[in-house]
Amino acid sequence: MAFMEKPPAGKVLLDDTVPLTAAVEASQSLQSHTEYIIRVQRGISTENSWQIVRRYSDFDLLNNSLQIAGLSLPLPPKKLIGNMDREFIAERQRGLQNYLNVIMANHVLSNCELLKKFLDPNNYSANYTEIALQQVSMFFRSEPKWEVVEPLKDIGWRIRKKYFLMKIKNQPKERLVLSWADLGPDKYLTDKDFQCIIKLLPSCVHPYIYRVTFATANESSALLIRTFNEKGTLKDLIYKAKPKDPFLKKYCNPKKTQGLELQQIKTYGRQILEVLKFLHDKGFPYGHLHAANVMMDGNTCRLLDLENSLLGLPSFYRSYFTQFRKINTLESIDVHCFGHLLYEMTYGRPPDSVPVDSFPPAPSMAVVAVLESTLSCEACKNGMPTVSRLLQMPLFSDVLLTTSEKPQFKIPTKLKEALRIAKECIEKRLIEEQKQIHQHRRLTRAQSHHGSEEERKRRKILARKKSKRSAVENSEEQPVKHNSNNSAGSGASSPLTSPSSPTPPSTAVEHAPL
């Protein structure tokens, strides 16, 4: 099968979920326009930063592209006269900084391809839809029964994962969806094991897993085909969205959202927990639970995208759980992500921030109990419960599930061992990243405390006290020296010595403990 070329040796696999930060550092006026110099940084390391130069028209173009999200973003307005004045340029620079801050504070917008291309053109200049189409076309040279109907443009949030509506030539009425994805930074399986496990996915049978019709892979990517579901995902149900619409349009600022009924919350939650327990028992890493990865089939939830962890793709909620060192296994990630999902099912929207200090009124206190065990400050600090523990909680323990489909997913022992090693490697990278973030946060807090107004006042008071104490000690020493000089003389009077100058205030800085 002539399906995709091997990636070049040493190819850097970026983690697209690592947050970018941007600071508008300066501006420079040319003959007819002003350019703004922006310092962009990936993650917490200042070494991983670069400068870009953007005009106001570039910001305007970005803003027009982001209008699909339906948000009112605070881009400073255009000005035709006086737009080269120094005061105006300084004011606009502050406005552009605020504009970027608002975008990057939005979880969906901060991960979108439009923003990545704007801030990091070196790493995001490729046309990923075109690349995917080329690779898929190469695959169909040896599999002529499939035919591409149309690209499903931007229906997902991932930059390097693309979707196409498909059909089988001799069954033109049946609609399928093909997903193509590049490798991610957590791909630790050998090429051989990776391809073998991907090809096993169609054999996975479970009442709460969405069936894979066809799957194949090579050293650089994977291609999977599933039946296209007109009803869409659980997120589509909550947001009353159309499955074919772009991700930004569907989920960034929906006009209509509605939390589910209590019985739906109980039933869907129980179904999702059952399939998570099944995967955990099989030693199959998941780590990609969110509402858009749960397909609705009548009143049944079916999990999607089991291939993501095999490809090494980062989780949608990675920037959340990297902040908490106790969420450091794929099992605990699934539980934490289940908390996000349960919150969305309950309130019709994701939480504003995590951890959640207090929860709005819910249909049942049993719902709040589960949310507190997965999203509260205490839970994030002390660690997640197990899936088995969640199944025993009152919200889910009395849910009766009726299904005749027997779960089946046979994984050879050799591949199970490969999955176990890959899972450990994924968790090791996560733990290391969490450690670095924790150390950076401690250092930042110490520096912030050291530079605070209160701390500066405290140091000034200490310095004055030290100066006074030193002055007093010096003044007390003078009589002693005077008397000793008199007693040591031969009776002749000695001239009085002038008191020494007081010691100046200490300029030593007292560092707060790190």
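Filter the stretch 371-397 down to the residues that are of a type in the set (A, V, I, L, M, F, W, C) and part of a loop (DSSP other than H, G, I, E, B), then identify the one that is farthest from Gln264 (Cα to Cα).
Narrowing the stretch 371-397 to residues of a type in the set (A, V, I, L, M, F, W, C): 371, 375, 377, 379-380, 384, 387, 390-391, 393, 395-396.
Applying the additional criterion that residues be part of a loop (DSSP other than H, G, I, E, B) yields 384, 393.
Working: Met384: 24, Met393: 16 Å.
Of everything passing the filter in the stretch 371-397, Met384 is farthest from Gln264 (Cα to Cα).
Only one residue in Val108, Val136 is touching a residue at least 40 places away in the same chain (Cβ under 8 Å), within 19 Å of Ala222 (Cα to Cα), out of contact with any Ser or Thr (no Cβ under 7 Å at 6 or more places or on another chain) and not small (Gly, Ala, Ser), so which one is that? Give the derivation first.
Working: Val108 fails: within 19 Å of Ala222 (Cα to Cα).
Of Val108, Val136, the one residue that is touching a residue at least 40 places away in the same chain (Cβ under 8 Å), within 19 Å of Ala222 (Cα to Cα), out of contact with any Ser or Thr (no Cβ under 7 Å at 6 or more places or on another chain) and not small (Gly, Ala, Ser) is Val136.
Kindly provide the set of residues from the stretch 110-124 that are closer than 14 Å to Ala22 by Cα and either part of a helix (DSSP H, G or I) or touching a Lys or Arg at 6+ places or on another chain (Cβ under 8 Å) (or both), ordered by number.
Of everything in the stretch 110-124, those that are closer than 14 Å to Ala22 by Cα and either part of a helix (DSSP H, G or I) or touching a Lys or Arg at 6+ places or on another chain (Cβ under 8 Å) (or both) turn out to be Ser110, Leu115, Lys116, Lys117, Phe118, Leu119, Asp120.
Of all residues in the stretch 192-211, which are touching a residue at least 24 places away in the same chain (Cβ under 8 Å) and out of contact with any Ser or Thr (no Cβ under 9 Å at 6 or more places or on another chain)?
Matches in the stretch 192-211: Asp193, Phe194, Cys196, Ile197, Leu200, Leu201, Ser203, Cys204, Val205, His206, Ile209.
Just to be sure before I move on: is Leu341 open to solvent by less than 10 Å² (accessible area, probe 1.4 Å), under 16 Å from the mean Cα position of the chain (by Cα) and in contact (Cβ under 8 Å) with a residue 60 or more places away in the chain in the structure I sent?
yes
Of all residues in the stretch 63-77, count the ones that are in contact with a Phe, Trp or Tyr (Cβ under 7 Å, 6 or more places away or on another chain) and polar (S, T, N, Q).
Looking only at that region, the number is 0.
Go through the stretch 212-255 residue by residue and tally those that are farther than 27 Å from Ile131 by Cβ, touching a Leu at 6+ places or on another chain (Cβ under 9 Å) and in a loop (DSSP other than H, G, I, E, B).
Residues meeting the conditions: 2.
Kindly provide the set of residues from the stretch 124-150 that are farther than 17 Å from Ala181 by Cβ, open to solvent by 40 Å² or more (accessible area, probe 1.4 Å) and of a type outside the set (Lys, Arg), ordered by number.
Within the stretch 124-150, Ser125, Ser142, Glu143, Pro144, Glu147, Val149, Glu150 meet the criteria.
So how many residues does the stretch 316-370 have that are of a type in the set (S, T, N, Q) and either assigned to a helix (DSSP H, G or I) or closer than 16 Å to Lys235 by Cβ (or both)? Don't jump to the end; show me each part of the working.
Initial filter on the stretch 316-370 (of a type in the set (S, T, N, Q)): 319, 322-323, 328-329, 332, 346, 353, 358, 364.
If we keep only those that are either assigned to a helix (DSSP H, G or I) or closer than 16 Å to Lys235 by Cβ (or both) as well, we get 319, 332, 346.
Residues in the stretch 316-370 being of a type in the set (S, T, N, Q) and either assigned to a helix (DSSP H, G or I) or closer than 16 Å to Lys235 by Cβ (or both): 3 in total.
Can you tell which of Ile333, Ile265 is among the aliphatic types (A, V, I, L, M) and over 22 Å from the mean Cα position of the chain (by Cα)?
Values: Ile333 fails: over 22 Å from the mean Cα position of the chain (by Cα).
Only one candidate qualifies: Ile265.
How many of the residues in the stretch 28-57 are over 30 Å from His440 (Cβ atoms) and of a type in the set (Asp, Glu)?
At the first step, the residues of the stretch 28-57 found to be over 30 Å from His440 (Cβ atoms) are 28-35, 55-57.
When the remaining residues are screened for being of a type in the set (Asp, Glu), the result is 35.
Qualifying residue count for the region: 1.
Which condition breaks for Gln323 when tested against (1) open to solvent by 10 Å² or more (accessible area, probe 1.4 Å); (2) farther than 21 Å from Asn382 by Cα?
Gln323 satisfies every listed condition except (2).
Which members of the stretch 165-194 meet the condition of being more than 26 Å from the chain's Cα centre (by Cα), crowded, with 18+ Cβ neighbours inside 10 Å and within 17 Å of Phe139 (Cα to Cα)?
The initial filter retains those residues of the stretch 165-194 that are more than 26 Å from the chain's Cα centre (by Cα), namely 165-177, 190-193.
After this cut, where a residue has to be crowded, with 18+ Cβ neighbours inside 10 Å as well, the list is 166, 176-177, 193.
The answer is Met166, Leu176, Val177.
Could you check, for the stretch 52-74, whether at least one of its residues is closer than 13 Å to Ala26 by Cα, open to solvent by less than 50 Å² (accessible area, probe 1.4 Å) and either touching an Asp or Glu at 6+ places or on another chain (Cβ under 7 Å) or not in a helix (DSSP H, G or I) (or both)?
Taking every residue of the stretch 52-74 in turn, at least one turns out to be closer than 13 Å to Ala26 by Cα, open to solvent by less than 50 Å² (accessible area, probe 1.4 Å) and either touching an Asp or Glu at 6+ places or on another chain (Cβ under 7 Å) or not in a helix (DSSP H, G or I) (or both).
For Leu201, state whether it is surrounded by 15 or more Cβ atoms within 10 Å (Cβ to Cβ), in contact with a strand residue (DSSP E or B) (Cβ under 7 Å, 6 or more places away or on another chain) and at pLDDT 95 or above. Talk me through it step by step, then tell me what you get.
Values: surrounded by 15 or more Cβ atoms within 10 Å (Cβ to Cβ): yes; in contact with a strand residue (DSSP E or B) (Cβ under 7 Å, 6 or more places away or on another chain): yes; at pLDDT 95 or above: yes.
Judged against the criteria, Leu201 is a match.
Looking at the stretch 225-240, I want the residues that are within 18 Å of Ser179 (Cα to Cα) and have a partner that is of a type in the set (Lys, Arg) and assigned to a loop (DSSP other than H, G, I, E, B) with Cβ atoms under 9 Å, at least 6 apart or on another chain. Which pairs are those?
Matching pairs, first to second residue: Arg226/Arg211; Thr227/Arg211; Gly232/Lys242; Gly232/Lys244.
List pairs: first in the stretch 147-172 and over 16 Å from Thr227 (Cβ atoms), second open to solvent by 50 Å² or more (accessible area, probe 1.4 Å) and acidic (Asp, Glu), Cβ under 7 Å, 6+ apart or cross-chain?
Sorted first by the residue in the stretch 147-172, then by its partner, the pairs are Lys169/Glu147.
Residues checked against (1) in contact (Cβ under 8 Å) with a residue 12 or more places away in the chain; (2) part of a loop (DSSP other than H, G, I, E, B); (3) surrounded by 16 or more Cβ atoms within 10 Å (Cβ to Cβ); (4) in contact with a strand residue (DSSP E or B) (Cβ under 8 Å, 6 or more places away or on another chain):
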{"residue": "Thr402", "(1), (2), (3), (4)": "no, yes, no, no"}
{"residue": "Lys406", "(1), (2), (3), (4)": "yes, yes, no, yes"}
{"residue": "Cys425", "(1), (2), (3), (4)": "yes, no, no, no"}
{"residue": "Glu433", "(1), (2), (3), (4)": "yes, no, yes, no"}
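Considering the stretch 270-314 alone, what residues qualify as being among the hydroxyl-bearing types (Ser, Thr, Tyr) and either in a strand (DSSP E or B) or within 16 Å of Lys161 (Cα to Cα) (or both)?
As a first pass, look at the stretch 270-314 and keep what is among the hydroxyl-bearing types (Ser, Thr, Tyr): 286, 300, 309.
Result: Thr300, Ser309.
The values are calculated or read from the model by the stated rules, or taken from the named source; none is laboratory data. Please read these numbers as outputs of a predicted model, since none were measured by experiment. All Cβ positions, glycine included, derive from the backbone under ideal geometry; neighbour counts span all protein chains shown. With ligands, DNA and RNA removed, areas are computed over all heavy atoms of the protein, side chains included. Shrake-Rupley method; radii C 1.70, N 1.55, O 1.52, S 1.80 Å.
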